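Structure first, commentary second.
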Amino acid sequence: MKIDIADIPKHLGKELELFGWIDVRRDHGKLIFFDLRDRSGKVQLVIAPEPKEIHSLAETLRPEWVIRVKGLVAKRPEAMKNPKEPTGEVEVKVSELEILAKSKTPPFDISGDGYEIDEEIRMKHRYLDLRRPRLLKNLLRRDKVIIFIRDYLHKKDFIEIETPLLTKSTPEGARDYIVPSRLQPGNFYALPQSPQQYKQLLMVAGVEKYFQIARALRDEDTRGDRQPEHTQLDIEMSFVKPSEVMTLVEDMIIAMMRGLYPDKKMKVPWPRIPYAEAMTKYGSDKPDTRDNKNDPDEIAFAWIVDFPSFETDVNTKKIQPVHHMFVQPREESIALIDSDPSKMVSTQYDWVCNGYELASGSIRITDPKLQMKVFKLLGMSEEKAQKDFGHLLEAFTYGVPPHGGIAPGLDRLVMILQGEPNIREVIAFPKTGDGRDLMMGAPAEVEKSQLDELGIQIKKSKNKK
Ligand code: ASP
């Protein structure tokens, strides 16, 4: 197995075989110095004037070439030690050199943090951008956060269950991405805006404690910090009260912060702020409750509770759920659905941090009659409600346990913890604001034969000839 460069100092005095990329090259008279880089770090390689073949081969090496070397791990002369580098005490005296792959000059510098480089160029060559230590570190941290969460929930007897990507529309307030079906011509799947209905059906199935690191796909118009697909930690539990869901998430995240981000300043327990208070005190339902907003290490988590069930859309003037249509109203509010739904208060709880919303969750409606009333209130006919949600309403007639859950957005959480300005910096292959993958060239036209098979004809757009 390849040795990690970061581990080289442990092998002082030994001859090692090493692999990696040329980072920088410095020539000092007859001696040639390189930094060899892999994902764990960098080390200095030294090439002596003799043997000649190695020296002249080394003269051809350029940054980002991939090489294999053999060499002796030696202590650097005192004056040459670099205390800033973890391997700065040692260097490798090269005795064998092989070029595994050459590289063109990269279109942008990958050694710095890269914020100043045009993002479209970075995205087009994302595989180079990801060599940037900052981005590699973000991916590594994201992985650690996910591993922590998986372990934590498994220890609490949660089952991780995958739910389908090809499904039927699950409205969460955004537009669906739709996928044409070849075998059922004229019919379409929808990509899930979240696993909401599936996780509720898993509660009917008796799973009791479910989670999934799930992709949620929403065809939304360009909005700064949104991506067409984002990753959620989707959770659902049976026989729970709102406070139990909040406590589960809070305890888990506090434990994670202590383990992975011990230097962050965080107040515990997290305040639970009523929606009305958040609006009057902070003018926002995702308040930034930090004491000092200039302190990059301050993380102010809070819960917002007592949300209204419904609101009126400013543009369409239509009544809509504040979260989604499956949210259980508070017991004392249920009667208001016939007389004054705008006064209803729900079981929704939002998790917020530093002015961002990290999650929404709630207890769910399990009474099919109440669920139908909500569908109707939102302007759905009984027929349409049955057609779209009949499976859920029927499932609720077979012994449904009370249940609730939440779905924290992992991209946003990692973005905040890593101090990044947007979620694209913590996603391996993000899309532009207008939904393009510049590296793959997606979305793209497809072959006519593919469209024919699906029975699809593209209308000519006025702008295209
Ligand atoms: N499905 C919801 C969402 O994606 C979260 C939830 O209610 O659990 O925001």
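Screening Arg215 against (1) away from the ligand (no atom under 14 Å from the Cβ); (2) surrounded by fewer than 18 Cβ atoms within 10 Å (Cβ to Cβ); (3) not in a loop (DSSP other than H, G, I, E, B) leaves a single unmet condition, (1). Just one of (1) of a type in the set (A, V, I, L, M, F, W, C); (2) more than 16 Å from the ligand (Cβ to nearest atom); (3) in contact with a strand residue (DSSP E or B) (Cβ under 7 Å, 6 or more places away or on another chain) fails for Leu370. It is (3).
When the range 441-456 is filtered for residues that are in contact (Cβ under 8 Å) with a residue 24 or more places away in the chain and part of a loop (DSSP other than H, G, I, E, B), the ones remaining, listed by number, are Gly455, Ile456. Of the residues making up the range 279-303, those that are among the aliphatic types (A, V, I, L, M) and in contact with a Lys or Arg (Cβ under 8 Å, 6 or more places away or on another chain) are Ile299, Ala300, Ala302. Annotation note: Cβ proximity below 8 Å between a residue of the range 401-428 that is closer than 14 Å to Leu140 by Cα and a residue that is within 16 Å of the ligand (Cβ to nearest atom) and acidic (Asp, Glu) (sequence gap 6+ or interchain) occurs for Val426/Asp411; Ile427/Asp411. Within the range 327-334, is even one residue closer than 29 Å to Met415 by Cβ and either of a type in the set (Gly, Ala, Ser) or free of Cβ contacts under 8 Å to residues at least 40 places away in the same chain (or both)? Yes - at least one qualifying residue is present in the range 327-334.
Among the residues making up the range 83-106, those that are surrounded by fewer than 13 Cβ atoms within 10 Å (Cβ to Cβ), outside any strand (DSSP E or B) and not β-branched (Val, Ile, Thr) are Pro83, Lys84, Lys102, Lys104.
Counting only residues that are surrounded by fewer than 19 Cβ atoms within 10 Å (Cβ to Cβ) and within 30 Å of Pro368 (Cβ to Cβ), the range 287-307 holds 1 of them.
Taking each residue of the range 358-377 that is more than 27 Å from Asp288 (Cβ to Cβ) and touching a residue at least 12 places away in the same chain (Cβ under 8 Å) and looking for partners that are aromatic (Phe, Trp, Tyr) and away from the ligand (no atom under 16 Å from the Cβ) with beta-carbon atoms closer than 6 Å, six or more apart or interchain, yields Thr366/Phe396; Pro368/Phe396. The requirement of being in contact with a Ser or Thr (Cβ under 7 Å, 6 or more places away or on another chain) and within 18 Å of Leu128 (Cα to Cα) is satisfied by Gly41.
Considering only helices (runs of 4 or more DSSP H) fully contained in the range 303-405, which possess at least 2 residues that are under 31 Å from the mean Cα position of the chain (by Cα)?
382-395
Looking across the range 354-386, the residues that are surrounded by fewer than 16 Cβ atoms within 10 Å (Cβ to Cβ) and more than 29 Å from Val249 (Cβ to Cβ) come down to Lys369, Lys376, Gly379, Ser381, Glu382, Glu383, Lys384, Gln386. So which of Pro341, Pro271, Pro287 is over 29 Å from Ile423 (Cα atoms), more than 16 Å from the ligand (Cβ to nearest atom) and touching a residue at least 24 places away in the same chain (Cβ under 8 Å)? Every option except Pro341 fails the conditions. Can you say whether Pro262 is in a loop (DSSP other than H, G, I, E, B), more than 21 Å from Gly173 (Cβ to Cβ) and either under 24 Å from the mean Cα position of the chain (by Cα) or within 16 Å of the ligand (Cβ to nearest atom) (or both), as far as the supplied structure shows? Yes, satisfied.
Looking at Glu208, Glu236, Glu244, Glu220, can you tell me which residue is free of Cβ contacts under 8 Å to residues at least 40 places away in the same chain and within 16 Å of the ligand (Cβ to nearest atom)? Spell out the reasoning first.
Details: Glu208 fails: free of Cβ contacts under 8 Å to residues at least 40 places away in the same chain; Glu236 fails: free of Cβ contacts under 8 Å to residues at least 40 places away in the same chain; Glu220 fails: free of Cβ contacts under 8 Å to residues at least 40 places away in the same chain.
Going through Glu208, Glu236, Glu244, Glu220 in turn, just one is free of Cβ contacts under 8 Å to residues at least 40 places away in the same chain and within 16 Å of the ligand (Cβ to nearest atom): Glu244.
For (1) hydrophobic (A, V, I, L, M, F, W, C); (2) touching a Gly at 6+ places or on another chain (Cβ under 7 Å), each residue gets a yes or a no:
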position	(1), (2)
Phe396	yes, no
Val400	yes, no
Gly405	no, yes
Val426	yes, no
Asp434	no, no
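Among the criteria (1) more than 16 Å from the ligand (Cβ to nearest atom); (2) in contact (Cβ under 8 Å) with a residue 12 or more places away in the chain, the one Val249 does not fulfil is (1).
Inside the range 172-205, residues that are surrounded by fewer than 19 Cβ atoms within 10 Å (Cβ to Cβ) and within 14 Å of the ligand (Cβ to nearest atom) make up a count of 3.
Glu357 meets each of the listed conditions (1) within 21 Å of Ala216 (Cα to Cα); (2) modelled with pLDDT under 95; (3) among the charged types (D, E, K, R) apart from (2). Among the residues of the range 23-39, the ones that are of a type in the set (Val, Ile, Thr) and either closer than 12 Å to Ile67 by Cβ or surrounded by 16 or more Cβ atoms within 10 Å (Cβ to Cβ) (or both) come to 1 in all.
The values are calculated or read from the model by the stated rules, or taken from the named source; none is laboratory data. Note that the structure is predicted; figures quoted are calculated from it, not measured. For neighbour counting, all protein chains shown are included, and Cβ atoms are generated from backbone atoms with ideal geometry for every residue, glycine included.
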